1. Name the residues in the stretch 97-109 that are part of a helix (DSSP H, G or I) and open to solvent by less than 10 Å² (accessible area, probe 1.4 Å), would you?
2. Taking residue 94, is it under 19 Å from the mean Cα position of the chain (by Cα), among the charged types (D, E, K, R) and open to solvent by 40 Å² or more (accessible area, probe 1.4 Å)?
3. If you check every pair at least six apart or on different chains, which have Cβ atoms under 8 Å apart with a residue in the stretch 5-21 that is under 12 Å from residue 271 (Cβ atoms) first and a residue that is open to solvent by less than 80 Å² (accessible area, probe 1.4 Å) and part of a helix (DSSP H, G or I) second?
4. Could you check the stretch 35-67 and list, in sequence order, the residues that are open to solvent by less than 50 Å² (accessible area, probe 1.4 Å) and without any contact (Cβ under 8 Å) to a residue 12 or more places away in the chain?
5. Taking the stretch 234-243, which residues are in a strand (DSSP E or B) and open to solvent by less than 20 Å² (accessible area, probe 1.4 Å)?
6. Report whether or not residue 44 is β-branched (Val, Ile, Thr) and not in a helix (DSSP H, G or I).
7. Suppose we keep only residues that are of a type outside the set (D, E, K, R) and in contact with a Gly (Cβ under 9 Å, 6 or more places away or on another chain) within the stretch 265-274. Which one would you say is surrounded by the fewest Cβ atoms within 10 Å (Cβ to Cβ)?
8. Would it be correct to say that residue 72 is open to solvent by less than 40 Å² (accessible area, probe 1.4 Å), among the aromatic types (Phe, Trp, Tyr) and either at pLDDT below 95 or touching a Phe, Trp or Tyr at 6+ places or on another chain (Cβ under 9 Å) (or both)?
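The values are calculated or read from the model by the stated rules, or taken from the named source; none is laboratory data. A quick note: this is a predicted structure, and the numbers were derived from the prediction, not measured. Counting neighbours? That spans all protein chains shown, and the Cβs are built from the backbone with ideal geometry, glycine included. Calculation scope for accessible area: heavy atoms of the full protein, side chains included, ligands and nucleic acids excluded. Shrake-Rupley method; radii C 1.70, N 1.55, O 1.52, S 1.80 Å.
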Amino acid sequence: MTWATRFRIREYLRESLWVLPALGAVIGLLGAAALISIDSHVKVPSDWAYSPSTASTVLSAIVGAVAALTGFVVTVTVLVVQMASGSISPRSMRLWYRDPVLKGSLALLIGTLAYSFSLLRRIETRFVPDLGVTLAGVLLIVGLVIFVLFLNRFVHRLRPVAVAALVAKGVRQSLADDIANTRDLGNVFVGPLEGMTEAASLTVRSTRPGAVQAVDLRGIAAWAGLHECLVVMRHSVGEFIETGDVLFEVYGNPGRTDTAARDLRGLVALGLERTIEQDPAFALRVMVDVASKALSPAINDPTTAVQVLDYLGDSLRVIGEADRSAPSWHTGAAKRGVVIPVRRWEDFLALGVSEIREFGSTSIQVLRRMRAVLEQLLQEVRPENRAAVTAEIARLDATVAAGFSSSTDRDRAGIADSQGLGGPDRLRPAGDSAPMRIASS
């Protein structure tokens, strides 16, 4: 089994809504058989004993209650998904159908249903599984508590700011993994392949379309070292690949070309859409989509966009502060290792602010909050990244000048505010420039 197949199986299990509940049903059936066996060998106190009619009534009520509760969970989930895809972003749906509390709730309820129904079938005039009936009642109470926790969790996660916070957490993890994979491997080069004069000895093409969800960089580097080849990746994580597109170019002697092509294809996982795990740019994309939806004329909620900018600014700061430098391959370097395309800081920054600036060009609080984000980035990102921030501030100035050329609020639109509107005027350290203001004409 290739690495890509294992990755797709793992992703399928994480996204599937039926696997864990099905496992719960199996555990419920096995648990019922075990409790029946225990009850047949254990004498319970008279206070714990049930008559056959009482046990049947209790288990029937539990079966009905659990079935109804399962229906409520499914209904709430469908409503949440509909609301999230319509008012937040379709890309945020992954947060819900991957949620472990949802799957755990369904597994517990369906397991309790299977367990109670199995006990109900074994009640006889001369035998009543007393311990099993008591445990079924306990499972029903636990299921009710889990349902309340599930409802509370999903209601709170419906807020766009909660989605932004969850996605921003994914940015940190994804970026940390990305840096670790690049740094820990000594034979990884970044950037374009410059100065290569010879033709590739092997070109590996994709046999199916899909978005690059993840790559096994360690596996590719190990393969390149084993075969003493230079492997050049032509697409980065997050790009969509059509059938026949070039995945790899190999320089050197890879051995049997059919085996080498199969091995390298098995180190790239393709799927229907991008994932956050190895793609921090997709996490930024989700946050920008949430803010853009809030700024649409149909919704017109700039405060939500400002809240998203809070977490978007934090994510950009994490990316801008990180040392993502790595050697690039050049003429004269050893033709052994992996050359990978990478996103520049400018790419992340443009992705994070361009569309929000465009769609929020008439919102004072969005422009003020964006200026505050950019001014903070200008102070905190690495020195080599500050020129791009300065360029974005200039674009923001032009947007303010164009959008508020005849407005009496032009001066207010050009001020940085950490809350968009109404934020406190903080004292600045000595030497810091005052917030940029644009005088009204």
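1. Just the residues of the stretch 97-109 that are part of a helix (DSSP H, G or I), to begin with: 97, 100-109.
Listed by number, the residues that qualify are 102, 105, 109.
2. On the way: under 19 Å from the mean Cα position of the chain (by Cα): yes; among the charged types (D, E, K, R): yes; open to solvent by 40 Å² or more (accessible area, probe 1.4 Å): no.
When the stated conditions are applied, residue 94 does not pass them.
3. Sorted first by the residue in the stretch 5-21, then by its partner, the pairs are 15/94; 15/97.
4. If the condition is that a residue be open to solvent by less than 50 Å² (accessible area, probe 1.4 Å) and without any contact (Cβ under 8 Å) to a residue 12 or more places away in the chain, then 64 is the only one that fits.
5. If we filter the stretch 234-243 for residues that are in a strand (DSSP E or B), which is where we start, we get 240-241.
Within the stretch 234-243, just 241 meets the criteria.
6. On the way: β-branched (Val, Ile, Thr): yes; not in a helix (DSSP H, G or I): yes.
In short, yes.
7. First, the residues of the stretch 265-274 that are of a type outside the set (D, E, K, R): 266-272.
Applying the additional criterion that residues be in contact with a Gly (Cβ under 9 Å, 6 or more places away or on another chain) yields 266-267, 269-272.
Numbers: 266: 18, 267: 24, 269: 25, 270: 20, 271: 17, 272: 8.
By that ranking, first place goes to 272.
8. Judged against the criteria, residue 72 is not a match.
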